[in-house]
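Shown next, in structure tokens, is the structure this report addresses.
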Amino acid sequence: MIELSPQGERGNEMEEGKKKRLTAKRKFEIYLETRKDGAKVGEILRREGIHLNDLREIEELVERGAMGSLKSRGPGRLMRKKIDPVEYEQLKQELKDKEKAMSDLMVEYTLLKKSERLELLGISKEPGCGEETNGKRSWKRSRTPRETE
């Protein structure tokens, strides 16, 4: 972080003990100004009240920021859209509701398939059957019309 002593209206007077922080925008303006052809870097640094090391730090920050931005926008990469937190919570709740509904449907489907399978095998639950006896359910095979004759 670069902290600078403030100057009165870009004058040469510096107040003792007070530090002024440069904004990101101002740092970038200084960076661009020092990159111009024929720019007198020493004069710019004196005018802004910063040292050469501060300028090198600004240059490094600008380079890292540019590289990070370029990396995130490489070929085949999509920029992530910022989502409103309220909308995000609504979508999370909607997903939770749909997962619950899907789970309920899967249970119903499984029970339906099981009952169809039992009907095909000719097994039905008769009154009094299916009650637990010694920890086991009792099921009786129903008789088909041919067996009753």
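Bear in mind these aren't lab numbers, they're just calculated from the coordinates by the rules spelled out. Everything numeric in this text was worked out from a predicted model, so none of it was measured. Positions of Cβ are generated from backbone atoms using ideal geometry, with glycine treated the same way; all protein chains shown enter the neighbour counts.
So how much slack lies between residue 34 and residue 70, counting 0.36 nm per residue of separation and subtracting their Cα-Cα distance, in nm?
So the chain would gain 10.7 nm between residue 34 and residue 70.
I'd like to compare 92-98, 41-47: which one has the highest average count of other Cβ atoms within 10 Å, and what's the full order after that?
41-47, 92-98
Under a point spin-label approximation (7 Å from Cα along Cα-to-Cβ), what is the residue 45-residue 83 distance to one decimal in nm?
According to this spin-label approximation, the distance is 4.8 nm.
Stretched out fully, how many nm does the piece from residue 107 to residue 90 gain, at 0.36 nm a residue minus the Cα gap?
In short, 3.5 nm is gained.
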